1. Among the numbered conditions (1) in contact (Cβ under 8 Å) with a residue 60 or more places away in the chain; (2) facing chain C (nearest Cβ under 9 Å), tell me where A:Tyr223 comes up short.
2. So, in segment C:199-215, how many residues would count as being in contact with a Leu (Cβ under 9 Å, 6 or more places away or on another chain), within 12 Å of chain A (Cβ to nearest Cβ) and hydrophobic (A, V, I, L, M, F, W, C)?
3. Please go through segment C:213-227 and pick out each residue that is of a type in the set (A, V, I, L, M, F, W, C) and either within 15 Å of the chain's Cα centre (by Cα) or farther than 22 Å from A:Asn227 by Cα (or both).
4. Quick test for you: out of B:Asp123, B:Asp218, B:Asp127, pick the one residue that is touching a His at 6+ places or on another chain (Cβ under 7 Å), more than 14 Å from chain D (Cβ to nearest Cβ) and not aromatic (Phe, Trp, Tyr).
5. Among what's in segment B:181-198 and is part of a strand (DSSP E or B) and touching a Gly at 6+ places or on another chain (Cβ under 6 Å), pick the residue that is nearest to the other protein chains (Cβ to nearest Cβ).
6. For segment D:238-340, which helices (runs of 4 or more DSSP H) that fit wholly inside it have 3 or more residues that are within 21 Å of the chain's Cα centre (by Cα) and of a type outside the set (Phe, Trp, Tyr)?
7. With the requirement that a residue be free of Cβ contacts under 8 Å to residues at least 60 places away in the same chain and under 27 Å from the mean Cα position of the chain (by Cα), what does segment D:374-386 give you?
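The values are calculated or read from the model by the stated rules, or taken from the named source; none is laboratory data. Owing to the predicted nature of the structure, the values given are computational and were not obtained by experimental measurement. Using ideal geometry, Cβ is built from the backbone for each residue, glycine included, and neighbour counts are taken over all protein chains shown.
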Protein chains: 4
Amino acid sequence: MDKKQMTAALAALDNFAIEIPSWGFADTGTRFGKFLQAGAAIDTADKLADAGHVHSLTGCCPTVAVHVLWDFAPGQKTSEVAAQAKKFGVKIGSINPNLFQDQHYKFGSFGNEDAAVRKAALDHVRDSVKIGQAVGSRYLSLWFADGSNYPGQGDIRERKGHFEECLKATHKMLAKDQVMLVEYKPYEPAFYHTDIMDWGMAMLLSKKAGPRAKVLVDTGHHYLSQNIEQIVAVLLDEDMLGGFHFNDRRYSDDDLTLGSIDPYQIFRIFHEIHKFSHDTGKTPEIAYMIDQSHNIKPKIEAMLQTSLMAQELFVKAALVDVKALRVCQAKHNVVDAELLLKNAFFTDVTPALHEWRRKRKLPTNPLEAHRKSGYAELIAKERTHRRKELGLGGGGGFA
Amino acid sequence: MDKKQMTAALAALDNFAIEIPSWGFADTGTRFGKFLQAGAAIDTADKLADAGHVHSLTGCCPTVAVHVLWDFAPGQKTSEVAAQAKKFGVKIGSINPNLFQDQHYKFGSFGNEDAAVRKAALDHVRDSVKIGQAVGSRYLSLWFADGSNYPGQGDIRERKGHFEECLKATHKMLAKDQVMLVEYKPYEPAFYHTDIMDWGMAMLLSKKAGPRAKVLVDTGHHYLSQNIEQIVAVLLDEDMLGGFHFNDRRYSDDDLTLGSIDPYQIFRIFHEIHKFSHDTGKTPEIAYMIDQSHNIKPKIEAMLQTSLMAQELFVKAALVDVKALRVCQAKHNVVDAELLLKNAFFTDVTPALHEWRRKRKLPTNPLEAHRKSGYAELIAKERTHRRKELGLGGGGGFA
Amino acid sequence: MDKKQMTAALAALDNFAIEIPSWGFADTGTRFGKFLQAGAAIDTADKLADAGHVHSLTGCCPTVAVHVLWDFAPGQKTSEVAAQAKKFGVKIGSINPNLFQDQHYKFGSFGNEDAAVRKAALDHVRDSVKIGQAVGSRYLSLWFADGSNYPGQGDIRERKGHFEECLKATHKMLAKDQVMLVEYKPYEPAFYHTDIMDWGMAMLLSKKAGPRAKVLVDTGHHYLSQNIEQIVAVLLDEDMLGGFHFNDRRYSDDDLTLGSIDPYQIFRIFHEIHKFSHDTGKTPEIAYMIDQSHNIKPKIEAMLQTSLMAQELFVKAALVDVKALRVCQAKHNVVDAELLLKNAFFTDVTPALHEWRRKRKLPTNPLEAHRKSGYAELIAKERTHRRKELGLGGGGGFA
Amino acid sequence: MDKKQMTAALAALDNFAIEIPSWGFADTGTRFGKFLQAGAAIDTADKLADAGHVHSLTGCCPTVAVHVLWDFAPGQKTSEVAAQAKKFGVKIGSINPNLFQDQHYKFGSFGNEDAAVRKAALDHVRDSVKIGQAVGSRYLSLWFADGSNYPGQGDIRERKGHFEECLKATHKMLAKDQVMLVEYKPYEPAFYHTDIMDWGMAMLLSKKAGPRAKVLVDTGHHYLSQNIEQIVAVLLDEDMLGGFHFNDRRYSDDDLTLGSIDPYQIFRIFHEIHKFSHDTGKTPEIAYMIDQSHNIKPKIEAMLQTSLMAQELFVKAALVDVKALRVCQAKHNVVDAELLLKNAFFTDVTPALHEWRRKRKLPTNPLEAHRKSGYAELIAKERTHRRKELGLGGGGGFA
């Protein structure tokens, strides 16, 4: 790694903050059951503590995404949660309304044929926007489980109209410095049609909603074989890329740690972002967020792994010589163009990562530091004890 | 529909019994939550009652698949459950051990690297086999969630060895009139590798286990675009087809009602079975079972719909003129061969279905009869009341 | 089939013309080789003759799509081709430029980084537009093979810019009564990225091009499991649906006859169109076109089969009681909503089809009529003879 | 890279020979056309010369796969071809019969319902076996395009019977030191069913054929999302893995250079092979072969790239500490198990590759050496000239 590369790598890391989801520290699972972890977070304070611990080790996770329904007790002051976050050295990041869990959302929220449900959904979104304003959060992050399971069940066009209307109404609620992110997903939990099923739909609806509505790309929310980096490039070109939900998958929305299945794809996504900055001279405003909740890996280790992998791949992508690449592309020199990517991907960036961490007095190997810290044992013990005191059992199951 | 077709249709229906899953009547959902139904079954008796109701209307669902963990309270006498079933006019069908929900199954059951867990799994299977013998059930139906989420996590070949051993041990437990069914599934809940991922693996392991081990085809457990009817034809040819789990899907293991997404595919599967019988003069022993648990449709209506659709498509498939088809195939007359299937598929078989039901004094339209019966309202009221008395709330959620 | 249904069915057929592709009658194949047919068309006159023959039997295929490179000899007067068509009882339909076969298109046409190639592509499109004007064709049908095979090969955003520019330039060439159709395809022949890969991209570029640019939906050009009818509904809602290329597939862009693999999906697509007309009172202007070229089935029979299947499914879809459906949808009555579709799908529409044909003095069974006509034998003999005279061999192969 | 790793890496390379396909140097393409390269091979001698050139630069490609139909002119002495190969420093490797291109294979070869076609296919295979014996080739490599395009077209079970019979007959033709490889492919060119569609079918048929029939894994012949390394592990465990066809893909059978899309997957496949050797102490006999034919990249560069990438990933996989891995697996230490793979994957193995090449007096950068050699320019000129003299034009097209 030569000096120029090192400089590029360090600059890339300085501009790369990764948001951690509060729900990533709680016991979650698949529809076939949950495997409980002794150290799983019981309440919001636990989640913020764990997030703070991760940030203290990595230095790159300053904010925590919160889930309105799960992280704010009814009547709880939002300032309390913000204060808790501060105490643990992090800030509240994106605000995630929950528009899928309540019984009235059985047939959807913003797309529901029933006006009363749409109103309830809008009310919840309004509350979420206010929470965001109260805690100084920039992002309202919207995911809709809306869709249908059977042909004929839903009126596709009518539901689209409802979405247009409700998203416009949402946009009007935003303060000037707030941005709303619209996420897409091809299926699950809806299995016939999903109202916002792909980037094209998310962009169409976002453009109609208003200028501060942008598209959120969850790396696990695509049809098999779809080229995600192309979508990212197109959204950047249209000034419509708002952020990411990081995870990896092989089959479906598997929610595995980032880069665990196909690291080269993540690298290519980052490359498109770096290339955009290089070509336009602008650094796009992108919210990089993790969306994972682990059933098998220890939760804190999984968050560390994903953050570290994101940093590593982001740096590797920053090493692509874009100027040389453009020459190859103009000349249709396919082999050399590809090698510019491949060689950057396989470059050992450990020196840059260590250098960056040393400058910030961070452990060079955050995972090892975590294991040595005794934090995992501590919370396992304390939370097991507390769980007993509270009379809490473990997570539910399929039936 | 001419006379010859009518005769073929009625004969087909006489040989077509469909097993209903007890778990199809309880509140279930996706990992994003459950939408509760007032009439959802609370206990095993409820499930058997609902199954009995379905059979009383359709006449084609004489048995009920049971799930050992969910349907047999610890210490409960199996004869009680069998007696309950009898009371509601049905019999206990396949016995389904649960090898995925307990905490010790986090890393698998039969494939687990830990011998103690494998022993626990075998013990549970032994109990299940005994239950089967006690209630006179022919089928032990085995589905394994075993697999891994990350590259490197599991030792693929070692786990295969464990499976070979445990399945052989299971086969030894069987009484002479018991059959074990081995189900395959490409993914979920495991997201990197699943130990029994496809028909090839299920067949390989079944052949090693012993002569009474057969493959179970769940219509929703395939890679996208896989030709299921070919797998069925191959398994028939190898005398390795044991049974089906009926459902439909568009994306993943969506568990929708049979034929709701691609009825022609189900028709083609049935066609291969009829063709096998025609060609060999043998009626293969196949356990036709439903495996669905509905979150959106009313549960009893969904079971009725699936059973009726299965009957309808089974009859349509019986109308294919196999003799004429073989002539077309020999002559490579592609268009006419295809039309023989297509025309059978689009033939109106309502007359045959009505005739069959009239002969058995069943309602010609079982769904309508169910709605008129007041059964749904009755159980909704009674179970809501009972749920309150028992202090039961609704199903769990994702977080 | 009651009277009301019959009326609806006949009305639907009156508004449903299906365009046949000239290239569907020539010898084509896969990259592994071509299986030659004695009756395959040798020249444009043959293709028009075959298309005329199909129309004379079906009464629903009045136009023929032409492929500029393959159907117009250099220097040939377009009026000649139009006159030939007239002679065979058909008209020239959509004009299809060829922007993929010439050696200079190796790295794309409108998206090519090389300005000279883009210019050549625009020149060819201009010629095509003029041909369209000369023969009175309404549609310019654009499919681009543009894309790249390897990461890094192409500059995704730059290529997008070239497409925007060239499509705008194309729009300017159009006469007022001409419409340009922009087709999308996820992959093949490009295997890393395809510039216009999905409906979202086709719509984005079409909207930028101008008001007479619309999206063309090829039923075989989707990711596995994508919900095509939803895309159709969205495009209709945005007034951006221009037309269809009809075919079916199980795996990739398999180009099989329509409805041969999943007839229910085609039915649901047609249902969305009928529902749009019902809801808005407008009949959308849609170009229904076949795009298939058969290697296995006899070419004329394949075209007959596809046209007849399209008519059959179009009529079935017209039988859905949309008014009742909307009530079910409003009430979230999922089962009944689905049954309205399913029952229409399985309704026997033969009476309506026969009635419609009888009124037009067409054979009730066009396939049978074709076989009895001796046409296939005639052209096989004549073209075999002509091929010899011309010293023509058979099609090429893979290597 | 420490000393122990270096030793492991060098040992791995010594056991890793990669076979190049003769057809990879000829002009080929997609069904939409061929993009011609001036330096494309015209005849078998050209192909062998190019292969020899690649081997002289890489030192790891000592054999050349030949395609009977394309590489042996009727009446040509096989000894001539072997002598040509020798002249260019390579040997004839696997023998590939062609069972798909002749017109009589329209409906299949070994699976064809027509006994005469099956006999023709067997005759061609017999000739191929004899060629193999004459040139001292160990492998008969069998790929069948057999299948059907439409439901009903083929008799799936009857065709399976024909395959069983013909493969047994083929096995009987083999000399004792010959091995037959049976390849599978899910689709293309058949689009409804393919007779040998997956590893399960290939293994089933191979086991029936005889002990010297093994399965050939083409890395591009799988359903989307299928776990290829698991298949490899299972085949190794069953002693049924015969060899590989190397390529990469994102969508279908895209035939891209190895590792260009998902290098981590190829690494994991190699890891399973190394792990098998480590666990059993046996080095499995595996034929590593490339199967690619390039339309976009320069053909020789593509072969170099694939060979070098194969070496690089094979060495990386050899660096996984299998002993430590097994400890992690036994303890279900998921994170550390994964990191053992990930860290090996990202280790810079350039030193080992250079060392290995230096020892053999090979250029450390074979691609660069090729470019400097002037070979590409030389053959472009010479072959262009020869092509003119022979009156040869370019490749065919779609229509």
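1. (1)
2. 6
3. Scanning segment C:213-227 gives C:Ala213, C:Val215, C:Leu216, C:Val217.
4. Criteria check complete, one pass: B:Asp218.
5. Looking at residues that are part of a strand (DSSP E or B) and touching a Gly at 6+ places or on another chain (Cβ under 6 Å), I get B:His193.
6. Values: elements: D:263-280, D:299-318, D:322-330.
Of the helices (runs of 4 or more DSSP H) lying wholly inside segment D:238-340, those with at least 3 residues that are within 21 Å of the chain's Cα centre (by Cα) and of a type outside the set (Phe, Trp, Tyr) span D:263-280, D:299-318.
7. Scanning segment D:374-386 gives no hits.
For (1) in contact with a helix residue (DSSP H, G or I) (Cβ under 9 Å, 6 or more places away or on another chain); (2) under 22 Å from D:Pro21 (Cβ atoms); (3) among the polar types (S, T, N, Q), each residue gets a yes or a no:
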{"residue": "D:Ala83", "(1), (2), (3)": "no, yes, no"}
{"residue": "D:Phe88", "(1), (2), (3)": "yes, yes, no"}
{"residue": "D:Ser94", "(1), (2), (3)": "yes, yes, yes"}
{"residue": "D:Pro97", "(1), (2), (3)": "yes, yes, no"}
{"residue": "D:Gln101", "(1), (2), (3)": "yes, yes, yes"}
{"residue": "D:Ser109", "(1), (2), (3)": "yes, yes, yes"}
{"residue": "D:Asp114", "(1), (2), (3)": "yes, no, no"}
{"residue": "D:Arg118", "(1), (2), (3)": "yes, no, no"}
{"residue": "D:Ala121", "(1), (2), (3)": "yes, yes, no"}
